[in-house]
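Here is the structure we will look at.
The values are calculated or read from the model by the stated rules, or taken from the named source; none is laboratory data. Everything numeric here is computed off the predicted structure, so don't read it as measured data. Neighbour counts are summed over all protein chains in view; Cβ atoms, including those assigned to glycine, are modelled from backbone coordinates with ideal geometry. Each accessible area value is taken on the protein alone, full model and side chains, heavy atoms only, with ligands, DNA and RNA left out. Shrake-Rupley method; radii C 1.70, N 1.55, O 1.52, S 1.80 Å.
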Amino acid sequence: VKEIIDITLTLGPELPRWPDSGELQLIPSSRISGGDDYNVSKLCFDLHMGTHVDAPWHCIDDGHTVDELPLDVLIGPAFVAHVPDVRLITERDLAGLDLSADTTRLLLRTDNSELWRAGVKEFRKDYVALSHDAAEWIVQRGIRLLGVDYLSVEPFDTGPRAHRVLLGANVVLLEGLNLAHVQPGPYEFTCLPMKVKGADGAPARAVLLASHGDKVG
Ligand SMILES: [Zn+2]
């Protein structure tokens, strides 16, 4: 029996969001309670809010857009690694994970996930993120998808250095995961971002499949 583990944040106006990115709005177009035949809404929000994918075009001006991301990277085996008690993840931290040689999708559970568990609503600039050398390690190691548990792979105030390394090598970045309830180990992984033509990123539903009982805690 496989257990489905949802590692997606629920999109809503109360989620922490990047400064100046604008509020998420679910705008009523029609409402049955207002005499209309249907409930219909518009959704307006920054594409880098909540659980989302970054496409190369986010930082590389001739890079692929989100509708062009390869599905074979977005679906397949993934490894969840636990990296607690660290604010800046370095090359050494990643090398110390002793990943098996065939790991191509890596999700990092850090102290950030405890913010989701605690329901912290304000944006935190001191989130756990990757150093520039950690990003280079990811590329050299042949990782094709990197998942992190806050809204960016790199520190708040360093500029897009790690993004450029990763997106320049066509590593798919999945940001804003909630891994608080996920034990380290191998899983089957599926992440399906919305197929938005020409977009720099898109919200995604991401799930893990685990053998029943031994990976959830
Ligand atoms: Zn992003």
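For the stretch 1-67, a simple Cβ point-charge model (Lys and Arg +1, Asp and Glu -1, everything else neutral) yields a dipole of about 260 debye relative to the Cα centre.
Charging the Cβ of each Asp and Glu at -1 and of each Lys and Arg at +1, and nothing else, the dipole of the chain about its Cα centre rounds to 280 debye. Farthest towards the positive end of the charge dipole of the stretch 90-217, among the residues Trp116, Leu208, Leu179, is the Cα of Leu208, using unit charges on the Cβ of Lys, Arg, Asp and Glu.
In the chain, helices alone account for a calculated mean residue ellipticity at 222 nm of -3500 deg cm²/dmol, with every DSSP H run of four or more residues adding -39,500 (n - 2.57).
Taking other residues whose beta carbon is less than 10 angstrom from the beta carbon of Ile75, and scoring Lys, Arg as +1 and Asp, Glu as -1, yields -1. Summing Cβ point charges (Lys, Arg +1; Asp, Glu -1) relative to the Cα centre of the stretch 107-215 gives a dipole of roughly 360 debye.
Of the residues Leu74, Ser21, Thr8, the one whose Cα sits farthest toward the positive end of the charge dipole of the stretch 1-109, with +1 on the Cβ of Lys and Arg and -1 on the Cβ of Asp and Glu, is Thr8.
The candidates Trp57, Trp116, arranged from most to least accessible area with a 1.4 Å probe in the full protein assembly, appear as Trp57, Trp116. Can you give the FRET efficiency for Lys125 and Ala180, using 1/(1 + (r/R0)^6), R0 = 22 Å, r = Cβ-Cβ distance, to the nearest 0.05? With a Förster radius of 22 Å, E is 0.65.
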